[in-house]
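Trainee: Mind having a look at this structure? Questions to follow.
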Amino acid sequence: MRIATWNVNSIRARHDRIGAWLDRSDVDVLAIQELKCKDSQFPEELFTERGYEVRYHGLNQWNGVAIASRVGLADTEIGLEDIPAFGSEEPVVEARALSVTCNDVRIYSLYVPNGRELDHPHYAYKLDWYKALTADIAAQLSAEPEKKLVLCGDFNVAPLDEDVWDMAEFEGATHVSDAERAAFDDLLGAGLSEVTRQFTPGPGVYTFWDYQKLRFPKKQGMRIDFQLASQALAKTATAGEIDREERKGKGASDHAPVIVDYDV
């Protein structure tokens, strides 16, 4: 089963590119982040016309997650156990997590909060969000150690120094702080393995390049999109790639698709 994760940075703006990519990529399941649309605006036909079932969760022009599958799709669940809300006056549980079962594999599409700045409330929210995710996954895998499960998404953490083009550029910034990296490591400690790096080793291998300052042609990116698989699924991974070509050209997302083949 070929599974891909892709932060598309607006599914409506990227409609044609997503369709063309599906036509040539031969993926069985696509986990999508940053839809930037309400459910009523989601272009469901983009997927159904190509033989995919799709589930999606979007509340407004920000965030939003979806999963499209051509190998079955069941048991849709929105959110996480004890997922935190954000906002001081009227806290909102944002559209950042969706999970389904495809071909007996539990698949998550996750858009982890950005954090914004180290002293911003969004940073504390990000760490709380990681705690909720880690507790949820740890409970599942403790109860069912052989469960086939994969977390796909934009994790908004660069776990290693080589996952950014220059650590000096990130001094005092989010995505590389000790607390964020510890949160990512704790998530792995819940019983997961990061399965993409073995097929796409760094340094200089990224999944995100900011639109500003010519980051893409300068090869100044970040590696923040991953697939984290349970041990039962991770051992079946046979190949993987980051489709850097999809970051090129007019109308591209600022993230590239991350693809892994599993022998399931």
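Trainee: Could you name the lysines in cross-link range of LYS148, using Cα to Cα under 20 Å and dropping any fewer than eight places away on the same chain?
Mentor: Reachable lysines: LYS235.
Trainee: In percent, what relative contact order does the stretch 70-202 have, based on Cα pairs under 8 Å that are 6 or more apart in sequence?
Mentor: This gives 23 percent for the stretch 70-202.
Trainee: What does the charge count around VAL8 come to, taking other residues whose C-beta lies under 9 Å from its C-beta (Lys +1, Arg +1, Asp -1, Glu -1)? The partial results should precede the final answer.
Mentor: Working: positive: ARG14, ARG17, LYS36; negative: GLU34.
Here the count lands on +2.
Trainee: What figure in square angstrom, to the nearest 10, would you give for the accessible area of ILE32 with a 1.4 Å probe?
Mentor: Estimated to the nearest 10 Å², ILE32 gives 0 Å².
Trainee: What part of the accessible area of the chain, given as a whole %, is carbon or sulfur when the probe is 1.4 angstrom?
Mentor: Of the solvent-accessible surface of the chain, carbon and sulfur hold 46 percent.
Trainee: In this model, which of LYS36/LYS248; LYS218/LYS248; LYS219/LYS248; LYS38/LYS131; LYS38/LYS250 are farther than 23 Å apart at the alpha-carbon?
Mentor: LYS38/LYS131; LYS38/LYS250
Trainee: Please give the calculated 222 nm ellipticity per residue for the chain, where each DSSP H segment of at least 4 residues contributes -39500 (n - 2.57) and the sum is spread over every residue; nearest 500 deg cm²/dmol?
Mentor: About -6000 deg cm²/dmol.
Trainee: Within the chain, what is the longest stretch that has no GluC sites (Glu not before Pro) placed in a DSSP loop and near at most 16 other beta-carbon atoms within 10 Å?
Mentor: Values: sites that count: GLU44, GLU49, GLU81, GLU89, GLU117, GLU146, GLU171.
Answer - 172-264.
Trainee: Which of GLN61, GLN227, GLN33 moves most in a GNM of the chain, Cα contacts under 10 Å?
Mentor: For the chain, modelled as a Gaussian network with Cα springs under 10 Å, the answer is GLN61.
Trainee: Right, here's the next one. For a protection proxy built on the mean count of beta-carbon atoms within 10 angstrom, sort 197-209, 125-137, 103-115 highest first, please. Write down the numbers at each step before the final one.
Mentor: On the way: 197-209: 17.4, 125-137: 20.2, 103-115: 22.0.
Per-residue Cβ counts within 10 Å, averaged per peptide and sorted highest first, yield 103-115, 125-137, 197-209.
Trainee: While we're here: First measure r as the distance between the Cβ atoms of VAL71 and PHE199, then evaluate 1/(1 + (r/R0)^6) with R0 = 25 Å and state the FRET efficiency to the nearest 0.05.
Mentor: That pair, VAL71 with PHE199, gives E of 0.75.
Trainee: With the other protein chains left in place, how much accessible area per residue, in square angstrom, belongs to the chain at a 1.4 angstrom probe?
Mentor: On the way: 11370 Å² over 264 residues.
For the chain, the solvent-accessible area averages 43 Å² per residue.
Trainee: Using only Cα atoms, locate the centre of the stretch 183-225 and the centre of the stretch 1-63, then give the distance between them in Å, rounded to an integer.
Mentor: Computed from Cα coordinates, the inter-centre distance equals 21 Å.
Trainee: What does the extension gain come out to for VAL93 and GLU117, with contour length at 0.36 nm per residue minus their alpha carbon separation?
Mentor: Details: separation 24, 0.36 × 24 = 8.64 nm, distance 2.02 nm.
Result: 6.6 nm gained on full extension.
The values are calculated or read from the model by the stated rules, or taken from the named source; none is laboratory data. Keep in mind that what you see is a predicted model, and the values were worked out from it rather than measured. Positions of Cβ are backbone-derived with ideal geometry, glycine not excepted, and every protein chain shown enters the neighbour counts. Remember, those area values only see protein heavy atoms, side chains included, never the ligands or the DNA or RNA. Shrake-Rupley method; radii C 1.70, N 1.55, O 1.52, S 1.80 Å.
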